[in-house]
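Asker: Before we start, here is the structure in question, set down as structure tokens.
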Amino acid sequence: MTLVLKFLRKRTRPTPYLPVSAHDRPAAVSESEHERCRNILFGIPAPEPFAQPDDGERELWRTGKLVPWYITRRLDSGRHNGPEVDIACDAEEPAVDNWELGRLYPNWGQTVALARLLNVRVRNLTHPEAHPHHQPERPVRRPGRHIAILSFEPSAVQAVCGGLHVTEGDN
């Protein structure tokens with residue numbers, strides 16, 4: 001399933017997503033996978049002010065539940081950009097750009113620093129239905145508003161979380 005979803009933006013619609021009919025969807029995309037992606041796309045958690053993360057939030061991070069598109073949306077809404085973001089997250093440029101692409105996974109300290117910068121809870125950057133997924137056509141630079149990247153590469157999560165043993169088929 002292509003987790004890099006392209007969606008159309010109409011100025012008159014409040015939502016940037018137009019549903020893809022089953023007829024127009026690639027045959028390899030099941031109805032349940034399409035629904036899971038819609039849930040992530042529309043299920044952006046309401047922001048809560050930053051607070052020290054709890055064990056549940058750490059577990060969401062550890063199991064690859066961060067959503068690159070949520071990071072992008074929160075960065076954009078707060079007008080956070082440039083090398084200052086990487087510095088605030090204790091990362092080296094272009095790490096945050098690669099988080100937004102799902103190519104690199106932030107470590108726990110970086111994730112907490114990102115949440116603090118954005119003034120949201122770590123759980124506001126996650127979705128329980130998200131899971132690491134290999135995307136062969138993953139963009140090489142930050143995508144425009146018409147692309148929502150909903151997952152990190154399994155190898156990126158594995159490199160940071162170690163013994164997680166994430167595989168492409170894990171759900």
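The values are calculated or read from the model by the stated rules, or taken from the named source; none is laboratory data. None of the values given here were measured: they were computed from a predicted structure. Here Cβ is always computed from backbone atoms with ideal geometry, including for glycine, and neighbour counts include all displayed protein chains. Only protein heavy atoms, including side chains, enter the accessible area calculation; ligands, DNA and RNA are left aside. Shrake-Rupley method; radii C 1.70, N 1.55, O 1.52, S 1.80 Å.
Asker: Of these, 73, 103, 123, which one is assigned to a loop (DSSP other than H, G, I, E, B) and open to solvent by 50 Å² or more (accessible area, probe 1.4 Å)?
Answerer: Residue meeting the stated conditions: 103.
Asker: To continue, here is another question. Just to be sure, is residue 85 farther than 21 Å from residue 162 by Cβ, in contact with a Cys (Cβ under 9 Å, 6 or more places away or on another chain) and open to solvent by less than 50 Å² (accessible area, probe 1.4 Å)?
Answerer: no
Asker: While we're here: Please identify the pairs in which a residue from segment 37-58 that is closer than 16 Å to residue 129 by Cα and assigned to a helix (DSSP H, G or I) has its Cβ atom under 6 Å from the Cβ atom of a residue that is among the β-branched types (Val, Ile, Thr) and modelled with pLDDT of 90 or more, counting only partners at least 6 apart or on another chain.
Answerer: Correct list of pairs: 57/122.
Asker: Among the residues that make up segment 149-156, is at least one of them exposed (fewer than 15 other Cβ atoms within 10 Å of the Cβ), in contact (Cβ under 8 Å) with a residue 40 or more places away in the chain and either closer than 21 Å to residue 80 by Cα or not aliphatic (A, V, I, L, M) (or both)?
Answerer: Checked segment 149-156: no residue is exposed (fewer than 15 other Cβ atoms within 10 Å of the Cβ), in contact (Cβ under 8 Å) with a residue 40 or more places away in the chain and either closer than 21 Å to residue 80 by Cα or not aliphatic (A, V, I, L, M) (or both).
Asker: Only one of these is loosely packed, with under 15 Cβ neighbours inside 10 Å, closer than 21 Å to residue 35 by Cα and within 14 Å of the chain's Cα centre (by Cα): 132, 128. Name it.
Answerer: Exactly one of 132, 128 is loosely packed, with under 15 Cβ neighbours inside 10 Å, closer than 21 Å to residue 35 by Cα and within 14 Å of the chain's Cα centre (by Cα), namely 128.
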